[in-house]
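Here the structure is laid out as structure tokens; the discussion comes afterwards.
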Amino acid sequence: MGPAFLGGICSMKKIWQKNGWLRYGIAGLVSCGLFLGLYHIMTVEGADNNPRFMMFRLEDIGPGGYYSSLEGLGKLRAVLEYLDEQQVPFSVGVVPRWINISAEGARYDKSIDQLDDTYIQAFNKIIKDAAAHRATIGMHGYTHQAGDVHREDGHQASGIGNEFNVSDLPETSTPAFAESRVKEGWGRFHKAGITPEFWEAPHYHTAPEQDKVFRSYFGLQYQPDVTIDPNPPVARYENIVNKGFGSASLGSVYVPTTLSYIPAGKDEKFILNQLSVPGRIYSFFYHPFLEFSHLEPTLDENGVPASRDGIPVYHYEGENKSVLQRLIKQIQMKGYPFYSIHDYVPFTPAERVKVGSPKTTLVQIGNVSGRDQTDIVTWDKQAGAISVIQGQFKELRNDRQPASQQWASVPYTDGSAFSLNSRIDGKKKGLWIVRPTGKLEAYASTGSSFKRSEVWTIPANRWYDLYELRQPNGDCILAGQSQDRTKLLGVYMHEGEVKAIKPYTFKSSTSRDLIVRNLLHQDEQKLMLFKENTSQGVEFELDQAKMQWKLKTVELDIPDELGNIRFGDFNGDGKEDILRWDSKNLTNRVYQQTEDGTYKLLSIFGPWGKANERLAVADFDGNGKADIAMYSNEDGFLDVALSFQSDHVK
């Protein structure tokens, strides 16, 4: 809270002294209002609300220091491969450029973008292989050091020095400096073909104004927000707009290492003895070079030290010899599953896209261009322009999104509705448009425009919305609510012919949340309606003999909780997961489907978003994992949060 706020309170002091009842009454109202307001802006997700788990980060990995030789890389690889063999997901804080200046002035300078360097090739391969086998890569500063001269305090050495807010280097405390370092680091990662998925400032040591830069570039920070609380028990969600450094975005998440690390002279008990502390998550970091003394060369059949990809091969000298080995074994024996950071924070706040005024724009989300990322289709009701934003969701969150391109001119009339059409081309979806005059229009996508391909006569109705429901053998149902929200309308398409479905009359005309459920492994979709704050709902089935809707009761194997239901494959394992979206508290509970077909709570995301928004589920970045997006009813922004959940949480 700023001085102006405090000054305003002080100016009321005399009034409060004269009116005691007013003092206490207003104080209570102010406290309540502040709590409710701040709850949606900045809060933490309680540890007791999440399953118990363990996660950790390997620290200070870069092309230098203990890893400056092929021997060091071979030992690092042995540790990383051991974690994969133990089915342990982990994070890796990577320093992309390693610099050190000796007392004699000799300079060491290696960067992951020196692609002609055989050592760098080996380093990059190890990092990429780790990312493909349970590791989440993050950017741990740019150089993790400061300056170009030797210093007695060691700040010139990567992995040892501070990079930001160095006391005698005032330029290191500015937002401009922070942004230049992030850009430099990201550029080198990009050239090396490695994508960092979180930010971690060296030693968490930054100036407060610099943190705004890091949030603008990364939605996930594997560190506490030290300006607010250096030792929080759980993640902190900062549900505010990031702006001033590239394109604006919504929200960021800070994940602390609550158990810290194992100091010199201590062993695994330093971590294990903290597991009895309630009310916090369990997360720590570890330096893998501490394992090197427990590794030995692997010999080939001739007794000669083996190598793979030009890198010496090492292995552990035995089981449960090292601190890390014993620690992992003990954690597993205590029944704690290992989580990746993306399992604890199931969605990473990402890009923001301007899609137009909600009062004058209809919006659909899906792939109409044939790319590997999701497009956003808008229909301007005033201008009649149907336009496409070919969103970019694989790079930095503050990159400028492509401009909207008009693909068709289709006049809008009140009572019309549209949806995406996968029947013509499943890779490039077209459009369905229903008209109040009794016309159904199909449009095909060319990849850069929509062309009307066919028109059918259907019963005249005024539509509120429209959903495509794929059916077996290429059939299709188009369903939607009447404009007055009293009826469920629909038509059935079979072999190019359209048949009207008898409308179903709802018991009321109140707002309802219809959703489409994909039947995985089957090219079929169902229309569902769930009762808010429960796990009970109905499925609308088509009775083809009577051409009318029939209702089937559905009950999901998850608890009754606040919020509505959504479905999606959020971890890419080919099984349907469930999302419990609480639009009032702005949280999302992820229930992953297990091997036996039951659902298990993975974690809780949020608060993220704003009140009175609509939630969409789609694979925006094309990584095979369903993401979420919030579409504002006020400002016309679509805010995206991406899923990188692992598919092997036990």
Residue match in the range 137-154 (condition: touching a His at 6+ places or on another chain (Cβ under 7 Å), touching a residue at least 60 places away in the same chain (Cβ under 8 Å), within 19 Å of TYR286 (Cα to Cα) and of a type outside the set (Gly, Ala, Ser)): no
ASP573 touching a residue at least 60 places away in the same chain (Cβ under 8 Å) and open to solvent by 10 Å² or more (accessible area, probe 1.4 Å): yes
Members of the range 308-366 found to be hydrophobic (A, V, I, L, M, F, W, C), assigned to a helix (DSSP H, G or I) and open to solvent by 10 Å² or more (accessible area, probe 1.4 Å), listed by number: VAL323, MET333
Residue selected from the range 495-505 under the condition open to solvent by less than 80 Å² (accessible area, probe 1.4 Å) and either among the acidic types (Asp, Glu) or assigned to a strand (DSSP E or B) (or both), by the criterion nearest to GLU541 (Cα to Cα): TYR504
Residues being of a type outside the set (D, E, K, R) and either in contact with a Pro (Cβ under 6 Å, 6 or more places away or on another chain) or part of a strand (DSSP E or B) (or both) - total across the range 618-648: 15
So PRO349, is it under 30 Å from SER216 (Cα atoms) and not hydrophobic (A, V, I, L, M, F, W, C): yes
Number of the exception - ILE271 against (1) closer than 20 Å to ASP60 by Cα; (2) open to solvent by 80 Å² or more (accessible area, probe 1.4 Å): (2)
Near pairs, Cβ below 6 angstrom, 6+ apart or cross-chain, from the range 108-121 (under 20 Å from HIS144 (Cβ atoms)) to any residue that is open to solvent by less than 20 Å² (accessible area, probe 1.4 Å) and of a type in the set (S, T, N, Q): ILE112/ASN124
Lone unmet requirement of (1) among the hydrophobic types (A, V, I, L, M, F, W, C); (2) assigned to a helix (DSSP H, G or I); (3) under 15 Å from ASN100 (Cα atoms) for ALA130: (3)
Meets criteria (buried (at least 19 other Cβ atoms within 10 Å of the Cβ), of a type in the set (Val, Ile, Thr) and closer than 20 Å to VAL516 by Cβ) for ILE424: no
Residues that are hydrophobic (A, V, I, L, M, F, W, C) and either under 32 Å from the mean Cα position of the chain (by Cα) or assigned to a strand (DSSP E or B) (or both), drawn from the range 97-112: TRP98, ILE99, ILE101, ILE112
Residue within the range 398-419 that is in contact with an Asp or Glu (Cβ under 8 Å, 6 or more places away or on another chain), acidic (Asp, Glu) and free of Cβ contacts under 8 Å to residues at least 40 places away in the same chain present: no
Subset of the range 598-616 that is part of a loop (DSSP other than H, G, I, E, B) and open to solvent by 40 Å² or more (accessible area, probe 1.4 Å) - its residue that is nearest to ASP513 (Cα to Cα): ASN612
From LEU542, LEU551, LEU562, LEU556, residue being open to solvent by 50 Å² or more (accessible area, probe 1.4 Å), farther than 25 Å from ASN239 by Cα and of a type in the set (A, V, I, L, M): LEU551
Whichever residue in the range 147-183 is of a type in the set (S, T, N, Q), part of a loop (DSSP other than H, G, I, E, B) and under 15 Å from ALA207 (Cα atoms) and, among such residues, is most open to solvent (accessible area, probe 1.4 Å): SER167
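Listed here are the residues, each with its yes/no results for (1) in a loop (DSSP other than H, G, I, E, B); (2) within 21 Å of PRO208 (Cβ to Cβ); (3) open to solvent by less than 10 Å² (accessible area, probe 1.4 Å); (4) modelled with pLDDT of 95 or more.
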residue	(1), (2), (3), (4)
VAL226	yes, yes, no, yes
ASP229	yes, yes, no, yes
PRO233	yes, no, no, yes
ASN239	no, yes, no, yes
PHE245	yes, yes, no, yes
GLY251	no, yes, yes, yes
PRO256	yes, yes, yes, yes
SER260	yes, no, no, yes
GLY265	yes, no, no, no
Check on LEU542, of a type outside the set (Ser, Thr, Tyr), closer than 18 Å to SER419 by Cα and in contact (Cβ under 8 Å) with a residue 12 or more places away in the chain: no
Entirely in the range 444-488, the strands (runs of 3 or more DSSP E) that have 1 or more residues that are loosely packed, with under 15 Cβ neighbours inside 10 Å: 450-457
Any pair with Cβ under 8 angstrom, 6 or more apart, that starts in the range 173-199 at a residue that is more than 14 Å from ILE127 (Cα to Cα) and ends at one that is open to solvent by 40 Å² or more (accessible area, probe 1.4 Å) and part of a helix (DSSP H, G or I): THR174/GLU209; PRO175/GLU209; PRO175/LYS212; PHE177/GLU171
Flag if LYS531 is more than 24 Å from ASN461 (Cβ to Cβ), open to solvent by 70 Å² or more (accessible area, probe 1.4 Å) and not hydroxyl-bearing (Ser, Thr, Tyr): yes
Every residue from the range 511-526 that is open to solvent by less than 40 Å² (accessible area, probe 1.4 Å) and among the β-branched types (Val, Ile, Thr): ILE515
Within the range 102-146, considering residues that are aromatic (Phe, Trp, Tyr) and under 16 Å from TYR67 (Cα atoms), the one most open to solvent (accessible area, probe 1.4 Å): TYR108
Positions within the range 409-421 being assigned to a strand (DSSP E or B) and crowded, with 19+ Cβ neighbours inside 10 Å, in sequence order: ALA417, PHE418, SER419, LEU420, ASN421
Residue count, the range 51-60 (criterion: open to solvent by less than 10 Å² (accessible area, probe 1.4 Å) and either touching a Pro at 6+ places or on another chain (Cβ under 7 Å) or on the phi > 0 side of the Ramachandran plot (or both)): 2
The lone exception for SER508 - which of (1) modelled with pLDDT under 95; (2) open to solvent by 60 Å² or more (accessible area, probe 1.4 Å); (3) within 30 Å of GLY415 (Cα to Cα); (4) assigned to a loop (DSSP other than H, G, I, E, B) it fails: (2)
Failed item in (1) open to solvent by less than 40 Å² (accessible area, probe 1.4 Å); (2) assigned to a strand (DSSP E or B); (3) out of contact with any Phe, Trp or Tyr (no Cβ under 6 Å at 6 or more places or on another chain), with PHE292 passing the rest: (2)
Options GLU163, GLU197: the member that is under 29 Å from ALA131 (Cα atoms) and out of contact with any helix residue (DSSP H, G or I) (no Cβ under 6 Å at 6 or more places or on another chain): GLU197
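The values are calculated or read from the model by the stated rules, or taken from the named source; none is laboratory data. Small disclaimer: the values here were computed from a predicted structure and weren't measured. With ideal geometry, Cβ positions are generated from the backbone for all residues, glycine too; neighbour counts draw on all protein chains shown. Remember, those area values only see protein heavy atoms, side chains included, never the ligands or the DNA or RNA. Shrake-Rupley method; radii C 1.70, N 1.55, O 1.52, S 1.80 Å.
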